[in-house]
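*Asks:* Before I ask anything, let me first share the structure, which is written out below as structure tokens.
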Amino acid sequence: MTGSYFARTSGDKLAVVAIDSSILAAEFSAAGYSVTVIRYVLMLSFLFLGSTTFNAQKADAWLIVPGHSVGPVTKEISRARLDLLFGKKNVKDEMVSSGGDAVPELATAVNEDNPSIALTVFWDDDFSSKRQHPSVNARPTFINVCYGNFDAPRHCKWHFSSGISIGTHLKELENLNGKSFKLYGFEWDYSGTVSDWNAGNLADFFGKCGRTLLRLDRLDIGDAASPNERALYEEVGSDRQFSSDNSAMRQLNPAIYSISVEFPKDFSGCSVTKFNSYLR
């Protein structure tokens, strides 16, 4: 198995984490064990990570499963575990807007220095001014992918099983959906939000288990755009809904600039296998 590995300690826990080709965490109690024993367990862990059983699963470090997980981050993860997985220096609590005109709120930014792998985690806590980070019992409500207090990146490593990610264009989404879909117009706070998949292939994939919001736009529509492109942009520049097969929309062919993955309160109706295999 290819990829890089590292080990981190947190209290009396030691985690072995594989990055790039997979992100896994195997914990065991390090308290009372000698360095020799710990090294031996680490060796066995690496052997396990390269085993035939594991290779058959083809784990993907950057895979988003709607309503279930973003890589190693699931709806059950705690704030402390983010430190364990990504390293304390890469995990910060700060005020971040969830999108559009939303008032900034205390969230946890992961890998903020590298927008192409960044995550912003929003919690179910009711924060007070005395609290600087989520409580021990806090759990994520939603995650914004490749998002934070920086300009939207053009490329993002986090992706769905179909390959959909930041930068995926409208026409490609239509092909995957098997039909046109509806999205809001541009030049307002929730510019280009997909509002209805019209019962296409992506309707259940993005809506049955929690809710996944995709937003599309032409972030290059400024000075680099031609007069014709700017005219087309103005034609669909409103908070009304448009069909993706609208002539102006198709000519502009906007791309995804924002992905938000919400976790359902009731997970009983979700099937990871089902959603992970929809578009393969």
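*Asks:* Please find, among LEU214, LEU219, LEU202, the residue that is outside any helix (DSSP H, G or I), out of contact with any Ser or Thr (no Cβ under 8 Å at 6 or more places or on another chain) and aliphatic (A, V, I, L, M).
*Replies:* Details: LEU214 fails: out of contact with any Ser or Thr (no Cβ under 8 Å at 6 or more places or on another chain); LEU202 fails: outside any helix (DSSP H, G or I).
Only one candidate qualifies: LEU219.
*Asks:* Moving on to the next point. If you take just the strands (runs of 3 or more DSSP E) that sit entirely in region 79-154, which of them hold at least 1 residues that are touching a Lys or Arg at 6+ places or on another chain (Cβ under 8 Å), modelled with pLDDT under 85 and aliphatic (A, V, I, L, M)? Show your work before the answer.
*Replies:* Working: elements: 91-96, 105-110, 119-123, 140-145.
Filter on region 79-154 gives an empty set.
*Asks:* Right, GLU229: at positive phi and at pLDDT below 95 or not? Write out each step before concluding.
*Replies:* Numbers: at positive phi: no; at pLDDT below 95: yes.
No, not satisfied.
*Asks:* Just the residues that are of a type outside the set (Lys, Arg) and more than 25 Å from ARG215 (Cβ to Cβ), please, taken from region 68-85. Please lay out each step first, then the result.
*Replies:* Our first condition is that a residue be of a type outside the set (Lys, Arg); within region 68-85, this holds for 68-74, 76-78, 80, 82-85.
Those that are of a type outside the set (Lys, Arg) and more than 25 Å from ARG215 (Cβ to Cβ): GLU76, SER78, ALA80, ASP83, LEU84, LEU85.
*Asks:* Residues being in a loop (DSSP other than H, G, I, E, B), in contact with a Leu (Cβ under 7 Å, 6 or more places away or on another chain) and crowded, with 18+ Cβ neighbours inside 10 Å: count how many of those fall in region 248-265. Working first, answer last.
*Replies:* So the first thing to find is which residues in region 248-265 are in a loop (DSSP other than H, G, I, E, B), and the list is 253-254, 263-265.
Among the residues that remain, those that are also in contact with a Leu (Cβ under 7 Å, 6 or more places away or on another chain) are: 253-254.
Still in the running and crowded, with 18+ Cβ neighbours inside 10 Å: 254.
Qualifying residue count for the region: 1.
*Asks:* Hey, could you check region 238-247 for residues that are of a type in the set (Gly, Ala, Ser) and touching a Phe, Trp or Tyr at 6+ places or on another chain (Cβ under 8 Å) and say which is surrounded by the most Cβ atoms within 10 Å (Cβ to Cβ)?
*Replies:* Looking at residues that are of a type in the set (Gly, Ala, Ser) and touching a Phe, Trp or Tyr at 6+ places or on another chain (Cβ under 8 Å), I get SER244.
*Asks:* In this structure, does PHE242 turn out to be touching a helix residue (DSSP H, G or I) at 6+ places or on another chain (Cβ under 6 Å), at pLDDT 90 or above and not in a loop (DSSP other than H, G, I, E, B)?
*Replies:* Values: touching a helix residue (DSSP H, G or I) at 6+ places or on another chain (Cβ under 6 Å): yes; at pLDDT 90 or above: yes; not in a loop (DSSP other than H, G, I, E, B): yes.
Considered against the rule, which asks whether it is touching a helix residue (DSSP H, G or I) at 6+ places or on another chain (Cβ under 6 Å), at pLDDT 90 or above and not in a loop (DSSP other than H, G, I, E, B), PHE242 comes out as yes.
*Asks:* Follow-up. Please identify the pairs in which a residue from region 246-263 that is under 18 Å from ALA118 (Cβ atoms) and in the same structural domain as SER165 (by TED's automatic domain parsing) has its Cβ atom under 6 Å from the Cβ atom of a residue that is among the acidic types (Asp, Glu) and surrounded by fewer than 22 Cβ atoms within 10 Å (Cβ to Cβ), counting only partners at least 6 apart or on another chain.
*Replies:* TYR257/ASP217
*Asks:* Which of the residues spanning region 184-196 are assigned to a loop (DSSP other than H, G, I, E, B), over 20 Å from the mean Cα position of the chain (by Cα) and crowded, with 16+ Cβ neighbours inside 10 Å?
*Replies:* Scanning region 184-196 gives GLY185, PHE186.
*Asks:* Sticking with this one: Of all residues in region 60-111, which are charged (D, E, K, R) and either in contact with a strand residue (DSSP E or B) (Cβ under 9 Å, 6 or more places away or on another chain) or without any contact (Cβ under 8 Å) to a residue 12 or more places away in the chain (or both)?
*Replies:* ASP60, LYS75, GLU76, ARG79, ARG81, ASP83, LYS88, LYS89, LYS92, ASP93, GLU94, GLU105
*Asks:* Might you let me know whether region 158-179 holds any residue that is over 13 Å from the mean Cα position of the chain (by Cα), in the same structural domain as ASN253 (by TED's automatic domain parsing), at pLDDT 95 or above and assigned to a strand (DSSP E or B)?
*Replies:* Of region 158-179, the ones over 13 Å from the mean Cα position of the chain (by Cα) are 162, 167-179.
From what is left, the residues that are in the same structural domain as ASN253 (by TED's automatic domain parsing) are 162, 167-179.
Then keep just the ones that are at pLDDT 95 or above; that gives 168-179.
Imposing the further condition that a residue be assigned to a strand (DSSP E or B) reduces the set to 169.
Among the residues of region 158-179, at least one is over 13 Å from the mean Cα position of the chain (by Cα), in the same structural domain as ASN253 (by TED's automatic domain parsing), at pLDDT 95 or above and assigned to a strand (DSSP E or B), which makes the answer yes.
The values are calculated or read from the model by the stated rules, or taken from the named source; none is laboratory data. Please read all numbers here as calculations on a predicted model, not as lab measurements. Every residue, glycine among them, receives a Cβ derived from its backbone with ideal geometry; neighbour counts consider all protein chains shown.
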